[in-house]
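The values are calculated or read from the model by the stated rules, or taken from the named source; none is laboratory data. Just so it is clear, the structure is predicted and the values come from calculations on it, not from any experiment. Don't worry about glycine lacking a Cβ; one is built from the backbone with ideal geometry, like all the others, and counts go over all protein chains shown.
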C-alpha cells in the first residue's frame, strides 16, 4: 500500500480515504476479507491512529465499510446506489411520470450543520451551510417536504434560481456535475410539523427518503431528506438478471 504525502495540500485523512477506497475495491476485500487492524494500517500509512480512524469513520458513514465490535472492519455488502444511469432528480422523476409539479413553499437560509451533516461534508461542526426547504406536490395537494443542506465548501450562496431543476442549476452556474446518490428509506408517523406541511393528520404514515449526493469527483454536494405522504409515493426498485 502506498504511503501518504505529508507535504500535500490535501489533508492526511482525505489521502487516507483515497487509499482505503482503492484498497476495498480489490477482489480480496470485496469478497469479505477483514481490513488490517488499525495499528497495522496506521503503521503502513505512516499516520496516527486518530487520522486513520477519521478516514475509516467516513467510509463507515457512507456505507462502504462495516465495523463489528470484537471482529474488525470489512467491506459492506453492496447496497442500493443510484448512478447517472438509474437515478433522477425529483423534477425529472415527476416529469417522467407526467405529473405537473407545483411549489407550495420555498425557503432559503443559512444554518449551522449538525454533527452528522458535518461528518458527511467533512467540515467543522461550527460551519454554516445554505439550506433549502421546499414543499412540493401536484396541482391538487402537496405530497413532499424537502430539506437540502449544501456543502459549505461549495460556492452555493442562496442567491441562485431554485425554481429551476436543482442539478441542472448547479451544473450551469458552477460546473458541479452530480453523479452518485446513496439513499436510505424509512417510515414513521407524520407528527405535527410534517402533517402541517403536507396537509395530513399527525398520525398518518409518511416515508422518509435520505439522499447523499456526490459529484463526479466523489465530493459530497447535497445532504437531502424528503418526507413523503405515504398515499402519494411509491418507491420502486428494478432488478435485472
For residues that are loosely packed, with under 14 Cβ neighbours inside 10 Å and touching a strand residue (DSSP E or B) at 6+ places or on another chain (Cβ under 9 Å), tally how many sit in the stretch 113-137. 5
Would you kindly identify the helices (runs of 4 or more DSSP H) lying entirely within the stretch 64-178 that contain at least 2 residues that are at pLDDT below 95 and over 30 Å from residue 37 (Cβ atoms)? 90-96, 166-174
Quick one: is residue 223 surrounded by 13 or more Cβ atoms within 10 Å (Cβ to Cβ), in the same structural domain as residue 120 (by TED's automatic domain parsing) and under 15 Å from the mean Cα position of the chain (by Cα)? yes
So for the stretch 45-57 (the condition being assigned by TED's automatic domain parsing to the domain that holds residue 169, at pLDDT 80 or above and part of a loop (DSSP other than H, G, I, E, B)), does at least one residue qualify? no
Consider only pairs whose beta carbons are under 9 Å apart and that are at least six residues apart or on different chains; among these, list those whose first residue lies in the stretch 28-39 and is more than 15 Å from residue 66 (Cβ to Cβ) and whose second residue is in a helix (DSSP H, G or I) and modelled with pLDDT under 85. 36/44
If you check residue 195 against the conditions, is it at pLDDT 95 or above, over 23 Å from residue 110 (Cα atoms) and outside any loop (DSSP other than H, G, I, E, B)? yes
